[in-house]
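Visitor: The following block contains the structure, expressed as structure tokens.
Every number in this text was worked out from the coordinates using simple rules, so none of it is lab data. The shown structure was predicted, so the numbers you read here are calculated from the model rather than taken from an experiment. A quick note on method: Cβ atoms are made from the backbone with ideal geometry, for glycine too, and the neighbour counts reach across all protein chains shown.
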Amino acid sequence: MSSYYQRHIFFCLNQRDNGEASCAQHAAQAGFDHCKARVKAAGLAGKGAVRVNKAGCLDRCAGGPVAVVYPEAVWYTFVDNSDIDEIVDRHLAKGEVVERLQLPDSVGR
Ligand code: FES
């Protein structure tokens, strides 16, 4: 059985107010919004294609903002919209891993 979405990206949008690091302090919402708009504009959104979703804490806060793409289970960190564009244009559209934006395995909470 094929999966409903070809690729699924989850953005942590968690906000912490206790002084600990959280992705919301690092423009996670802006990255999510930009990704959603670019995927839609590129005609990539929907069944059999790409879904962009919000997530709570993914427990890799030290690398925030973070996002993860399935089914490849590739984790990313990003700084600005051009980083998001590269993830959309290369990974979500073509399945190419954007190595320069990958989150190192050692990064946790
Ligand atoms: S706050 Fe984003 S991974 Fe924990």
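Visitor: Rounded to the nearest 5, what % of the DSSP beta bridges within segment 7-101 are antiparallel ones?
Guide: Values: 8 of 15 bridges.
Taking every DSSP beta bridge with both residues in segment 7-101, the antiparallel ones total about 55 percent.
Visitor: Could I ask something else about it? Just to confirm the filter: which chymotrypsin sites (Phe, Trp or Tyr not before Pro) across segment 1-63 are DSSP coil and have at most 13 other Cβ within 10 angstrom of their Cβ?
Guide: Working: sites: TYR4, TYR5, PHE10, PHE11, PHE32; in loops: TYR4, TYR5.
Those satisfying the criteria are TYR4.
Visitor: Mind checking which of GLN15, SER3, GLY31 is farthest towards the positive end of the chain's charge dipole, using Cβ charges of +1 (Lys, Arg) and -1 (Asp, Glu) about the Cα centre?
Guide: The one lying farthest along the dipole's positive direction is SER3.
Visitor: Evaluate the Debye formula for the chain with equal point scatterers sitting on the alpha carbons, no solvent, and hand back log10 of I(q)/I(0) at q = 0.12, 0.14 Å⁻¹, in q order, two decimals.
Guide: -0.37, -0.50
Visitor: For CYS61, CYS12, which order do you get if you count the other beta carbons within 10 Å of each Cβ and list the fewest first?
Guide: Details: CYS61 21, CYS12 25.
If I rank by nearby Cβ atoms, fewest first, I get CYS61, CYS12.
Visitor: Now for a different question. Treating the beta-carbon of each Lys and Arg as +1 and of each Asp and Glu as -1, no other charges, what is the dipole magnitude of the chain about its Cα centre, to the nearest 20 debye?
Guide: Working: 13 positive and 13 negative charges, 91 e Å.
Dipole magnitude for the chain comes out near 440 debye.
Visitor: Can I ask one more? Relative to the longest principal axis of the C-alpha atoms of the chain, give the angle of the C-alpha long axis of helix 28-41, reported between 0 and 90° and rounded to the nearest 10°.
Guide: In the chain, helix 28-41 runs at an angle near 10 degrees to the longest axis.
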